[in-house]
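Okay, structure first, notes after.
Each reported figure results from applying straightforward, stated rules to the coordinates on display, with no laboratory input. Owing to the predicted nature of the structure, the values given are computational and were not obtained by experimental measurement. Using ideal geometry, Cβ is built from the backbone for each residue, glycine included, and neighbour counts are taken over all protein chains shown.
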Ligand code: ASP
Ligand code: MG
């Protein structure tokens, strides 16, 4: 018998009429022969209202009591939903997180799911009941009520779908699917029929904001198909899967993060441990740094740039004040008026020329790039905030995302999941028994010793710089892997990129020619580098990963020359001779999380 999890968000259960409409969907699925679990959020803006109440009592409510309070929102909805189903002549039973047995850790207001008991739900389903589960909540070891963080009902739904081996998890919401970019920002945005977990993970943190990103981590870990659709109609929406029908597109989505701040630390010694010492105090304050760019620069000194949410800038600067004193180096630049624009596409991992096409379109639109970082499936640029919308629009139309056609047929099949999938679920649950379902899961740690690094130092930064460079390199037939551009305290930029070693001579020639034309300070080149990559699920939501990586390399005396981080992968470049040692160190550091 197929099993389906349906989740209804706050707007979809905002009043009794909507609750009845949602109940009808559940009943219909039941009539059609599925076992049905319904997960609900609090009604409308009820959670905001509860937070507001607490604030009227005190500025500093205890986190445990906050959870006690907030969990009541969902409890109201489950009871009403069960009554609604009952009124239609079907059997329903409402269950709180504790009654289901959703065990979490004890970090109140941002708890992570440790394990979920399935026996009771399964028994009730087998008895023919529609099970109504409260989203967003669980209990810890001591039976304290916990909540999963704002928007956490998505995570409840997908995690329940995972452990129950559901055939699909439907997320009913007030939008009709997932778009190529946020349609409120760009009316040209098009709805997609499918998108894959990795793209969604990158986009969720990039501000598309449709889903709680931890729910996508669950989807990917347990291979749960997630169907995001409108609660107002019966039309299919967008399916989040492992490999999507758009997976060969170079770019399938673009996102804008508006309020970023940029900091460049200049003149820090380019030795092992620098990057760890710099970021450790920031991580300690639980501030998540977004883009990190380190460039090789002259005379043993390096510049490190990073971005973070504007509101965290002051705290982060305060955190590193002391380290800078002992370390040497100073804040060369801080800019609170920048935004990040990112393009994501599974297809770009297989195609050449995606980056230079993006840079060219931005140059033609007059957009200057402050910072660039690339990962396998994402290219991010930092631009001045007043032209960020223009940058978003430009990339969106350059990659013809406004032409994407929605094909509903892709999503109407609700086939039962294969036994192979069921085995995967069991395997992952066993693997995560000790550490918990939401633990960091590293899939691979790898070493690539086939590349060279080329750096253009202190090149005047104008629109078209990156476009020109990477166009000419592409024309010479060279495939570029990592690209980072940083922005120093002056009008100059450093651009570093990596290429296969057998192509480094040609790439170097082009770089030298451009350096001469633009009068840059020089071209630095290292023939033998090692690229170390850590790939897995939860790399960003578990904020300590990059730090643990920096730390283990620092302890081994290995200097980090280049860094880029994304949701699904962290890459660092070190000297070629350090490659094997670095690989061993990273395997040790992540032994507990490695498959
Ligand atoms: N009610 C909670 C919130 O508003 C959880 C959710 O809706 O997902 O954040
Ligand atoms: Mg939500």
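Brief remarks on what is shown
- Size descriptor for region 496-595, Kirkwood hydrodynamic radius: 15.1 Å (Cα pairs only, one decimal).
- Hull-based mean projected area of region 302-387, where the convex hull spans the alpha carbons, in square nanometres: 7.1 nm²
- Spin-label zone in region 146-181 - amide nitrogen under 19 Å from a point set 7 Å from the Cα of residue 65 along the C-beta vector: 146-147
- What the Cβ-Cβ distance of residue 516 and residue 587 gives, at R0 = 41 Å and to the nearest 0.05, is a FRET efficiency of 0.40.
- Overall form of region 69-145 per C-alpha gyration tensor (a/c, 1.5; a/b vs b/c): oblate
- Cα-based shape type of region 396-489, given that a ≥ b ≥ c are square roots of the gyration tensor eigenvalues and the cut on a/c is 1.5: oblate
- Long-range Cα-Cα pairs in region 6-63 (distance over 12 Å), rounded percent: 70 percent
- In this entry, region 77-197 is assigned a mean projected area of 9.4 nm², taken as a quarter of its C-alpha convex hull surface.
- Degrees, to the nearest 10: 388-398 long Cα axis against longest axis of the chain: 90 degrees
- With a Förster radius of 35 Å applied to the C-beta separation of residue 271 and residue 450, the computed FRET efficiency comes to 0.85.
- Additional length obtainable on full extension of the chain from residue 232 to residue 543, 0.36 nm per residue less Cα span: 108.3 nm
- Listed peptides 57-66, 307-316, 133-142, 517-526 appear in the order 133-142, 307-316, 517-526, 57-66 once ranked by packing, highest mean of other Cβ atoms within 10 Å at the front.
- For region 266-323: rounded, prolate or oblate by the Cα gyration tensor [a/c cutoff 1.5]: prolate
- Potential extension, residue 443-residue 91 segment - 0.36 nm per residue separation minus Cα distance: 122.5 nm
- Rg then Dmax, both in Å and based on the Cα atoms of region 259-356: 15.1, 45.
- Here is the tail figure for region 447-522: Cα pairs spaced more than 21 Å apart come to 21 percent of all pairs.
- Cut-off 20 Å, label 7 Å out along Cα→Cβ of residue 174, residues of region 218-243 by amide N: 228-235, 237-238
- A straight chain from residue 326 to residue 555 at 0.36 nm per residue would run longer than the Cα-Cα distance by 80.6 nm.
- Quotient of Cα Rg and 2.2 N^0.38 Å for region 327-433, N being how many residues it contains: 1.58
- Amide N proximity, region 159-186 versus residue 403 label position 7 Å along Cα-to-Cβ, cut-off under 18 Å: 180-181
- Peptides 143-152, 361-370 ranked from most to least packed give 143-152, 361-370, packing being the mean of other C-beta atoms within 10 angstrom over each peptide's residues.
- Rg(Cα)/(2.2 N^0.38 Å) for the chain, N = residue count: 1.00
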